[in-house]
Amino acid sequence: MRTFEPDSSTVSDIIPSPNHGERNRGRQPDMIVVHYTGMPDVEGALARLCTAGTEVSAHYVVLEDGRIVQCVPEARRAWHAGISAWAGEDDINSCSIGIEIVNRGHDWGYPEFPLRQIAAVIALCRGIMLRRKVPAHRVLGHSDVAPARKKDPGEKFPWHSLANSGVGHWVTPAPVVRGESLMLGTISDEVLSLQQALARYGYGVPLTGKYDAATMEVVTAFQRHFRPARLDGVADHSTLSTLQALLASLPADATVVASK
């Protein structure tokens, strides 16, 4: 039995989760966070998301065949992002809609995402973006908002395909070429400039001028989303150029929010 009406016309089923609460301070969601389930099968994933006591939930689950299940009403705060931060906010659950995509993830072979599944994700996201006035640059991966903890939805997720349909922010990654790079242990003004650029985009990164482990994790997360050809946490020419191109193509008001 349905306990609430679906927020999206793309929803094929309601499987209510008890794991949700009020959004803090009446915060309205203006962000979408995309995850993969990271479990061997869909039954186990849905059970975890919809069972009391697991402390985990999401608004939507997109199955491999393109069916969409809603588990939490959009008005409620689902528990999907955990400890996370973006553009100066650290309660990502209160400001976001969480979408779980059924995929076994890195620990279970990490298969490709079927085209039908991606088409469903695009349709779902487009509706949320219209309803909730979510800007394209605030459609993010779990790894973007929690780079030290998470890899999902991962480097195989076709962000470029979503962007071609108006979902998410994307530029063609600069090609990987040989040249000078910033890497673990480097201390310089160039490292500080890199950290400031990542922070302007929204990433939670310390502004120390030292290329420490936390900076490397953020660079790896950036690569996983925006330059997936090489995931090494090294800020090479390709990574730096892609980051600058993304910043240059943001709306004028976006960098103001990200630099608060």
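The values are calculated or read from the model by the stated rules, or taken from the named source; none is laboratory data. Keep in mind that what you see is a predicted model, and the values were worked out from it rather than measured. No Cβ is skipped: glycine too gets one built from the backbone with ideal geometry, and neighbour counts run over all protein chains shown. SASA here: full protein model, heavy atoms, side chains in, ligands and nucleic acids out. Shrake-Rupley method; radii C 1.70, N 1.55, O 1.52, S 1.80 Å.
Computed quantities for the displayed model
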| quantity | calculated |
| --- | --- |
| Over the chain: helical MRE at 222 nm, DSSP H runs n ≥ 4 each giving -39500 (n - 2.57), nearest 500 | -9000 deg cm²/dmol |
| Phi-based couplings in Hz for segment 236-249 (Karplus 6.51, -1.76, 1.60; Gly and Pro marked x) | 7, 4, 4, 4, 5, 5, 5, 4, 5, 5, 5, 4, 5, 9 |
| Magnitude of the charge dipole, the chain, Cβ model with Lys/Arg +1 and Asp/Glu -1, debye to 20 | 440 debye |
| Segment 139-260 - Rg and Dmax from Cα coordinates, angstrom | 13.4, 40 |
| Charge dipole (debye, nearest 20) of segment 146-252; +1 at Cβ of Lys and Arg, -1 at Cβ of Asp and Glu | 320 debye |
| Positive-end residue, segment 186-249 charge dipole about Cα centroid, Cβ charges, pick of L246, L194, V205 | L246 |
| Relative contact order (%) - the chain, alpha-carbon pairs under 8 angstrom, separation at least six | 19 percent |
| The chain, accessible surface, carbon-and-sulfur percent (1.4 angstrom probe) | 54 percent |
| Charge dipole (debye, nearest 20) of segment 186-249; +1 at Cβ of Lys and Arg, -1 at Cβ of Asp and Glu | 200 debye |
| Heavy-atom surface of the chain, accessible at 1.4 Å and reported per residue (Å²) | 45 Å² |
| Of G98, L49, F222, farthest towards positive along the dipole that unit charges on Lys, Arg, Asp, Glu beta carbons give the chain | G98 |
| HN-Hα J in Hz across segment 150-163 - Karplus 6.51, -1.76, 1.60, θ = phi - 60°, x for Gly and Pro | 10, 10, 7, x, x, 6, 7, 5, x, 4, 5, 5, 4, 4 |
